[in-house]
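The values are calculated or read from the model by the stated rules, or taken from the named source; none is laboratory data. Predicted model, so just to flag it, every value in this text is computed and none were measured. With ideal geometry, Cβ positions are generated from the backbone for all residues, glycine too; neighbour counts draw on all protein chains shown. Protein only, heavy atoms only, side chains kept; ligands, DNA and RNA dropped before computing areas. Shrake-Rupley method; radii C 1.70, N 1.55, O 1.52, S 1.80 Å.
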Amino acid sequence: MRKFIKKMAQLISKANNYTNDEAEQVEYALKMLIFEIIKIIGVIITFSLLGHSMQAIIAVVAMAIVKPFIGGYHEDSQIKCFIATLVVVDSIIYLSSTLSINFVAKLILSMVSLYCIYEQAPVINPAMQLTRDELIKRNRAIGIIISMVLILISIVFYKYELISNTILWTIVFQALLMFNKRTV
């Protein structure tokens, strides 16, 4: 797979007369995109086989649109990332399926999560750091706005408990996973 991605990146870079630095960026972006697509498909297939396709799709979509802007937990290999994603999505599905949360509790969890995101975002990935202040500010604003929109959707769909709870627990987990780094 990595050889295929490298060849694709070389073709793209050659066709566009990219510099070596630009070619490396294309290869990295293509690698991340393909591995993320494989991971998302793998997660959805796994939970579809277990009868939770709708919840898996909601959780994965919510994570996919929030995490690039707020940052958070990262693994050092694709396999570890896939396993961690399975564990997180499984936890989200379990909690959203088994816990009945009243409206006030849902508001409290939403506001605490939004506050955490507001205070922490974006968490910078050491492997791919944002260095320009305008990009950091832009990602922070986009992450907060997307999180607020998802929280509003969760509240609007309060009566559709499975949808509402899946969105809520996904946001809660994304906020929790922003606090994963220890400083010694």
Problem - Volume per residue of the C-alpha convex hull in the chain, rounded to whole Å³ - result: 144
Practice task
Heads up, I need the accessible area for Met148: 1.4 angstrom probe, whole protein in place, Å², nearest 10.
Solution key: 90
Practice task
Mind pulling the angle between the C-alpha long axis of helix 161-176 and the longest principal axis of the chain? Nearest 10 degrees, somewhere in 0 to 90.
Solution key: 60
Fill in the blank from the handout: With all protein chains in place and a 1.4 Å probe, Phe4 shows an accessible area in Å² (nearest 10) of 120
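How far, in nm, would the chain grow between Ala84 and Ile65 when pulled straight, counting 0.36 nm per residue and subtracting the alpha carbon separation? All intermediate terms of the calculation are to be shown ahead of the outcome.
Working: separation 19, 0.36 × 19 = 6.84 nm, distance 1.77 nm.
Once the chain is fully extended between Ala84 and Ile65, it gains 5.1 nm.
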Exercise for the section: Kindly express, to the nearest 10 degrees and within the range 0 to 90, the angle between helix 53-70's C-alpha long axis and the longest C-alpha principal axis of the chain. Expected result: 60
Handout entry: Eligible lysines near Lys7 by straight Cα distance, threshold 28 Å, same-chain separation 8 or greater
Key = Lys31, Lys39, Lys80
Practice task
Determine how large the accessible area of Glu119 is when every protein chain is in place; take a 1.4 Å probe and give Å² rounded to the nearest 10.
Solution key: 100
Problem - Point-to-point label distance, Ile155-Met8, nm (Cα→Cβ direction, 7 Å offset) - result: 4.0
Problem - Principal-axis tilt of helix 133-156 within the chain, Cα atoms, nearest 10 degrees - result: 30
